[in-house]
1. Quick test of your reading of the structure: ASN267 fulfils all but one of (1) modelled with pLDDT under 95; (2) buried (at least 16 other Cβ atoms within 10 Å of the Cβ); (3) touching a His at 6+ places or on another chain (Cβ under 9 Å); (4) not hydroxyl-bearing (Ser, Thr, Tyr). Name the failing condition by number.
2. Does the stretch 210-224 include one or more residues that are among the β-branched types (Val, Ile, Thr), surrounded by fewer than 22 Cβ atoms within 10 Å (Cβ to Cβ) and out of contact with any helix residue (DSSP H, G or I) (no Cβ under 9 Å at 6 or more places or on another chain)?
3. Only one of (1) within 16 Å of ILE167 (Cα to Cα); (2) at pLDDT 95 or above is not met by GLY23, so which one is it?
4. Taking the stretch 285-312 on its own, how many of its residues are out of contact with any Lys or Arg (no Cβ under 8 Å at 6 or more places or on another chain), surrounded by fewer than 24 Cβ atoms within 10 Å (Cβ to Cβ) and under 20 Å from ARG404 (Cα atoms)?
5. Examine the stretch 84-93 for a residue that is in contact (Cβ under 8 Å) with a residue 60 or more places away in the chain and at positive phi, and state whether such a residue exists.
6. Quickly run through the stretch 232-253 and pick out the residues that are surrounded by fewer than 18 Cβ atoms within 10 Å (Cβ to Cβ) and either in contact with a Ser or Thr (Cβ under 9 Å, 6 or more places away or on another chain) or within 21 Å of ALA81 (Cβ to Cβ) (or both).
7. Out of the stretch 199-257, which residues are more than 18 Å from THR268 (Cβ to Cβ) and among the acidic types (Asp, Glu)?
8. In this structure, is SER358 of a type outside the set (Asp, Glu), at pLDDT below 95 and part of a helix (DSSP H, G or I)?
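The values are calculated or read from the model by the stated rules, or taken from the named source; none is laboratory data. Fair warning: this is a prediction, and the values are worked out from it, not measured in the lab. Using ideal geometry, Cβ is built from the backbone for each residue, glycine included, and neighbour counts are taken over all protein chains shown.
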Amino acid sequence: MEVLTNNLVKQRQKYPEKILQFGEGNFLRGFVDWQIDVMNKKGIFNGSVVVVQPRGQEKIEKLNAQDGLYTLYLQGMKNGAAVQENSIITSISRGINLFNEYDQYLQLAANKELRFIFSNTTEAGIVFDENDCLEDRPQRSFPGKLTAFLYERYNAFQGDKDKGLIIIPCELIERNGERLKEIVLKYADLWFLGDDFALWIHESNIFCNSLVDRIVPGFPRDSIEEITEELGYQDNLLVVGEQYHLWVIEGPQSIAEEFPAHLAGLNTLVVDDLTPYRTIKVRILNGAHTAITPVSYLYGINTVSEAIEDLVTGQFVKELIYEEIIPTLNLPIEELHAFAEAVLDRFRNPFMQHFLLSISLNSMSKFKTRDLPSLLDYYNRKRQLPKKLVFSLAALISFYKGTRGEEEIPLADDQDVLDLFNLQWSQYNGTIDSIKDIVTNVLRYEKVWEMDLNQVPGLTAAITKDLFDIETMGMKKALESVLGQKAAN
């Protein structure tokens, strides 16, 4: 069967390269690039995307082999009905391999048509690496790569104030645009790029805080044969996503004029303050995702929908949301309950095979941004610990042991995090004292937590008990204990 390329797309239109995108993964292709494709097909944007990889190079090679084309397969509830629909996304013009084609990357900086930079490098991507240098090809960190690109553009246009860019990171960290700008300026200082360049960053570029919301499980391993038969061609980059989507961009309304997604009927908002949108989404949807992943996976479940439909893990996530997360939010209870119900419906999506392992990427930093605020707020309000959130953190520590029964777990995180857990679990001898040592050392790992969590009253002891139960009794009985009832067989 023929592979998806330009040969299968009749009269593919070429668009000016208006967007540089850091990230070739499932989410950006199933969310940002899809929106650009929708706008292009409605004739209101007229722009294409150049993609570079934040790490690795395999997907860039696959993307170019398919001429930047891929299929987006949307599944879920739409206007009250379960709907499946697919479309070929034509918004990506090319991919640039930063390791082999760095000069092409720098040449793009001189493109007069370029207006936007989007990124999704996970929560661990917007970081400062003091070892990055301007001369590196490429720099290791995403902000380092971005700073080098902006400096190249600054020089290419001799500091022209009209040649700045609109930079919209999609990483799920609070005030992501402000944080990214802060690190870019830090590199400008470290690399002695000059006060004029720093002023150009301030005055000519717009760094937007943003919030994204769509579940994008990615490549459908279990059903790809059936989908391929339905489509009539082979697509090695096919992406599955849910119907629901929301993008909230904090910035001037002029952005909506240049990026008029709302005119295409897309749920993309340009607002003065995204804080209320972010809080409810990160705490409930993302917080629930991250909290249930280690619990459900170690319970023997592989997907989000299975976790919600299971009587025991389903009860766990509902109690976690309604009893421990919602009480920490300062929004009308009716709005919070309505959002929670919508989240659970999205988790139950009958078409969606959202694998827990795909959610587990960089779980430590995800727990820190998504669940730790709820845990700490709950304690500060009630002066007691939230049992389900505490249990999920214990399960996360167990998950990073790297085994589920006899099965090895393919852990994916920064090497220093993996090294931490390798060292801790290598010293486990089956005693509760060794469990306490593991817990104590993980909770004091301030590189992730930015605090010593052992200072939270009772937290070390509570996690030690839960983790010891998980390791000695197994996840099923440990979960029975925390739910206060016998789990269903």
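1. It is condition (2) that ASN267 fails.
2. yes
3. Looking at each condition in turn, GLY23 falls short on (2).
4. Final tally of qualifying residues: 5.
5. There is no residue in the stretch 84-93 that is in contact (Cβ under 8 Å) with a residue 60 or more places away in the chain and at positive phi.
6. TYR233, GLN234, LEU246
7. Result: GLU203, ASP222, GLU225, GLU226, GLU229, GLU230, ASP235.
8. It is true that SER358 is of a type outside the set (Asp, Glu), at pLDDT below 95 and part of a helix (DSSP H, G or I).
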